[in-house]
1. So, R0 is 22 Å and r is the distance between the beta-carbons of E34 and A59; what FRET efficiency does that work out to, to 0.05?
2. How big is the Kirkwood radius of the range 59-171, worked out from every pair of different alpha carbons and given in Å to one decimal?
3. To the nearest 10 degrees, how steep is helix 2-29 against the longest Cα principal axis of the chain, on a 0 to 90 scale?
4. Which value, in debye to the nearest 20, describes the size of the charge dipole of the range 47-160 about its Cα centre when Lys and Arg Cβ atoms bear +1, Asp and Glu Cβ atoms bear -1, and nothing else is charged?
5. PRE reach from T181 (point 7 Å along Cα→Cβ): which of the range 154-175 fall under 17 Å by backbone N?
6. Given a 1.4 Å probe and every protein chain left where it sits, what share in percent of the accessible area of the range 135-191 is carbon and sulfur?
7. With a ≥ b ≥ c the root eigenvalues of the C-alpha gyration tensor of the chain, is it rounded (a/c under 1.5), prolate (a/b larger than b/c) or oblate?
8. Once both axes come from the Cα atoms, what is the angle between helix 141-156 and the longest principal axis of the chain, in degrees from 0 to 90, rounded to 10?
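The values are calculated or read from the model by the stated rules, or taken from the named source; none is laboratory data. Predicted model, so just to flag it, every value in this text is computed and none were measured. Because the Cβ atoms are built from the backbone with ideal geometry, glycine has one as well, and the counts that use them run over all protein chains shown. Calculation scope for accessible area: heavy atoms of the full protein, side chains included, ligands and nucleic acids excluded. Shrake-Rupley method; radii C 1.70, N 1.55, O 1.52, S 1.80 Å.
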Amino acid sequence: WGRMLNRLLLVLVVMGFVYGVERLGHQLESIPVERVVFAGDLLHVSRDVLVERVTRHLAVGYIGLDLEAIQVELEEEAWVYRAEVERLWPRQLKITIVEESPIAIWGEGGLLNHRGKIFEPTGAQDERTDLPVLEGPEGSAIEIMRQYRLMSQLLGDQQLKLVRLQMSPRGSWTAILSGGTELVMGRQEPLE
């Protein structure tokens with residue numbers, strides 16, 4: 001009888017422990033997020049838009065937050081290059097935003113970032129006047145960016161500034177300099 005009583009007591013203790021852990025889990029899941037902190041320089045991204053995107057995810061509570069889903073949704077904003085989302089104990093959410101840094105205008109309305117990714121933000125047209133214009137067929141952004149850098153270095157030695165570089169669908173190149181001079185190059189070795 002002693003062994004049976006010990007086993008029964010052990011089963012009751014284990015069940016009580018499991019029940020306690022489950023209740024604690026429910027209580028932790030219901031802890032609300034009290035504060036969302038945004039870090040990073042927000043020059044082009046509206047804080048209100050970011051708050052709206054994050055608010056959709058807060059209903060599940062502090063523990064149940066899907067940080068990866070929040071990150072993915074924030075990175076859907078045109079000017080957001082990268083978003084890092086982390087929990088800060090006891091009830092805070094810290095979101096670090098890194099904005100896109102355009103290096104060129106792409107075609108008729110897009111911008112090109114330092115990785116060769118094209119993004120199409122709304123507004124901010126006045127800020128684009130000092131950026132060079134690059135244009136080409138789909139999938140050629142990285143090649144055009146590379147050629148632009150090489151040509152700019154070569155022309156810079158002669159105090160010339162490249163303001164526009166185009167690649168035609170057939171692969172030929174056209175470069176326009178700051179004075180309006182147009183250089184038309186073939187498909188083979190445009191640097192030469």
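1. E(calc), rounded to 0.05, equals 0.95.
2. 16.5 Å
3. Helix 2-29 sits roughly 40 degrees off the main axis of the chain.
4. 440 debye
5. Answer for the range 154-175: 154-166, 174-175.
6. It is 49 percent, rounded to a whole number.
7. Note, shape of the chain comes out prolate.
8. 50 degrees
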